[in-house]
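Notes to accompany the following structure.
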Amino acid sequence: MSRELVVAAAQMGPVERKESVESVAGRMVSLVERAASRGSQLVVFPELAAVPFFPHWVIDDRQELLAYYDLDEPVGRAPDVFRRARELGIAIVIGYAERTEQNRLFNSNALYDKSGELILKYRKVHLPGFGTPQEAEHQLLEKRYFEVGDLGFPVAEWSGTKVGLAICNDRRWAETYRAMALQGAEIVCLGYNTPVHTPHLPEIDTLTNFHNHLAMQAGAYQNSMWVVGVAKAGVEEGVEQIGGSAIVAPSGEVVAQATSQADELISAEIDLDMVTRYRRDIFNFAHHRRPEHYGIIAQPSSGVVSE
Ligand code: CDT
């Protein structure tokens, strides 16, 4: 029996501070409906989907900051999105800022099945940027506003497959995909907010889109998995972010790609047996991997030779 699914990536345009919660939720409902009309079983939203990417600026007032976080789960901020997804029988992945009962703060991603049950939560491990404000055109204060995720890279069974979650900067790190592939994940869903301009390394500005796809395509190919990568794109609070949302096959090929920097739904029929075929052959971990020969250093340095 072939194992095929239709998955959708719900790219979002900017979410400005002045936009109402109802307006953002309305845009998301429309994307859920478009995904369902294409027969999708899963729709994936970006990192911090329903709020502006607030690590791009300094917030000193604690109440102002906490307004961007959801207690444990993102359902309360946009209940209509979850209600519509349940009505249409579609699973949903959504990135959000998580505040726990103990006031711990994480950049999180969650997978809900078609009945609305939470089946997987992930907390971002690779937080980019700084813990203190920098002299720069815009900030990247994830280390100030979030703790490093404490859940590892968990994987959940869903709809006859195994799914893992990641968030934005995680996609640049080889370990992200490998940790989930070794647990049998066949699909990795991730959202991102990626500025076109990197203040302290402007030489990569022209490469931002290339690096986005390079990272996801390499992760997919080297681990024989499907990757669904979803942007929050366009100019948000003065920061221009890339689009380029993509669905990537285990071959490393991009099978669907967004072309705008606005709300846009892309989808693809994905063959999960492609994962099996690649993992039985070229990427048969049990037969070909040799971790005992990698000489992994217990306390890695920055990797910069002069330090
Ligand atoms: N949100 C997030 O993780 N953004 C980072 C910016 C890094 S700047 C090169 C990203 O990896 O896209």
Checklist line | the range 1-70-the range 176-210 distance, computed between alpha-carbon centres (Å) | finding: 18
Check: Modelled label-to-label distance, Glu16 and Thr276, 7 Å Cα→beta-carbon offset: nm?
Finding: 5.0
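As a test, work out the antiparallel percent of DSSP beta bridges whose residues both lie in the chain, rounded to the nearest 5.
On the way: 35 of 56 bridges.
So the antiparallel bridges in the chain amount to around 60 percent.
Once you have the Cα-Cα distance between Trp173 and Arg289, take 0.36 nm times their residue separation minus that, and quote the gain in nm to one decimal.
39.9 nm
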Notebook entry, point to check: When the helices in the chain are scored as -39500 (n - 2.57) per DSSP H run of 4 or longer and the sum is shared across all residues, what 222 nm value do you end up with, to the nearest 500 deg cm²/dmol?
Noted result: -6500 deg cm²/dmol
Check: Roughly what % of DSSP beta bridges within the range 72-224 run antiparallel, to the nearest 5?
Finding: 75
Next item on the list: Express in nm, to one decimal, how much length is gained between Gln183 and Ala136 on full extension, taking 0.36 nm for each residue of separation and deducting their alpha carbon distance.
Entry: 12.9 nm
Item checked: Table column - 3J(HN,Hα) (Hz), the range 141-153, Karplus curve with 6.51, -1.76, 1.60, x for Gly and Pro -> 9, 5, 6, 7, 9, 9, 7, 5, x, 10, 10, x, 10
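If we sort 160-170, 252-262 on the protection proxy, mean other Cβ atoms within 10 Å, highest first, what's the order? Show your work: numbers first, answer last.
On the way: 160-170: 24.4, 252-262: 16.3.
Answer by packing, highest mean first, reads 160-170, 252-262.
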Checklist line | Sequence-distant lysines (8 or more away, or on other chains) whose Cα lies within less than 24 Å of Lys121 | finding: Lys143, Lys162, Lys232
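Give, in nm to one decimal, the length gained when the segment between Val196 and Glu101 is fully stretched (0.36 nm per residue of separation minus the Cα-Cα distance). Show your work: numbers first, answer last.
Working: separation 95, 0.36 × 95 = 34.20 nm, distance 3.53 nm.
That pair, Val196 and Glu101, stretches by 30.7 nm at full extension.
With the other protein chains left in place, how much accessible area per residue, in square angstrom, belongs to the chain at a 1.4 angstrom probe?
Values: 13680 Å² over 307 residues.
About 45 Å² of surface per residue is accessible.
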Check: Taking every eigenvalue of the Cα gyration tensor of the chain, multiplying by 5 and rooting it, what semi-axes result, largest first, whole Å?
Finding: 28, 25, 18
Margin query: What does the charge count around Asn284 come to, taking other residues whose C-beta lies under 13 Å from its C-beta (Lys +1, Arg +1, Asp -1, Glu -1)?
Written below: +4
Next item on the list: Can you send over the carbon and sulfur percentage of the accessible area for the chain, probe radius 1.4 Å, protein chains only?
Entry: 52
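The values are calculated or read from the model by the stated rules, or taken from the named source; none is laboratory data. This structure is a prediction, so every number in the text was calculated from the model and none was measured. As a convention, Cβ positions derive from the backbone with ideal geometry for all residues, glycine included, and neighbour counts pool all protein chains shown. Heavy atoms of the whole protein, side chains included, go into the accessibility calculation; ligands, DNA and RNA do not. Shrake-Rupley method; radii C 1.70, N 1.55, O 1.52, S 1.80 Å.
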